[in-house]
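A quick write-up on the structure given underneath.
Since every read-out is calculated from the coordinates, none of them should be taken as a lab result. Keep in mind that this is a model prediction, so the values were computed, not measured. Here the Cβ positions follow ideal geometry from the backbone for every residue, glycine too, while neighbour counts run over all protein chains shown.
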Amino acid sequence: MNEGTIIANSSASGTAAISLLRLSGENAIDLVTSSFKSKSGKKLSDQKSHAIHLGRIHNDGTEIDEVLVSVFKAPNSYTGENVVEISCHGSIYIQQEILQLFIRKGAKPAQPGEFTLRAFLNKKMDLSQAEAVADLIASESKAAHEVALNQLRGG
């Protein structure tokens, strides 16, 4: 399960101003580098971890969107793997074009909870913290939020 590069839309489904697409895996940075042209002209693979870059995502020379790309190099990421987050415009068309582009390039669609599973398998969090992530996402009250947040912090 912890093999290959995965991709998912990390935003709520539907149209929005901004959408966040996330890739995780050994080849995440290289996959995005192959279709990303930064305004600075620098390759993502040559950049420091925890940096954000403005540029454009292209598919065979056709521009899909102007995006911000965040790079997190292993092991210093949520999953412990190379992670790239793409902030794009929230049109459903744009989201799907970018997702399908990277799936064609070899990324697999992530299963629900797979990013957190990878974080657990890579010892970035323990089982109770991984479970707390799901509880935090599902929290609908202040009390549920505080309990989940405390558990996520190891309490």
For the stretch 61-141, listing trypsin sites (Lys or Arg not before Pro) in a DSSP loop whose Cβ sees at most 10 other Cβ atoms within 10 Å gives K123
In whole angstrom, the spacing between the Cα centers of the stretch 2-72 and the stretch 73-148 equals 14 Å
Note, the stretch 19-30: 3J(HN,Hα) by Karplus (6.51, -1.76, 1.60, θ = phi - 60°), whole Hz, Gly/Pro = x, goes 10, 10, 9, 10, 10, 9, x, 4, 9, 4, 5, 5
Amide H contacts under 5 Å for S11, restricted to residues at least 5 apart in sequence or on another chain and with H modeled in the peptide plane, are L20
If every Lys and Arg gets +1 and every Asp and Glu gets -1 at its Cβ, then about the Cα centre the chain yields a dipole, in debye to the nearest 20, of 440 debye
Per its Cα gyration tensor (rounded if a/c is under 1.5, else prolate when a/b beats b/c, else oblate), the stretch 1-49 is best filed as oblate
Which residues qualify? For S91, with a placed amide H closer than 5 Å and at least 5 residues away or on another chain, they are A16
Note on the stretch 61-103: alpha-carbon gyration tensor, axes a ≥ b ≥ c; rule is a/c under 1.5 for rounded, else prolate if a/b larger than b/c, else oblate; result prolate
For K142, the aspartates and glutamates lying under 19 Å Cα to Cα, once residues fewer than eight places off in the same chain are dropped, come out as E131
The lysines whose Cα lies under 21 Å from the Cα of K124, excluding any fewer than 8 residues away in the same chain, are K48, K73
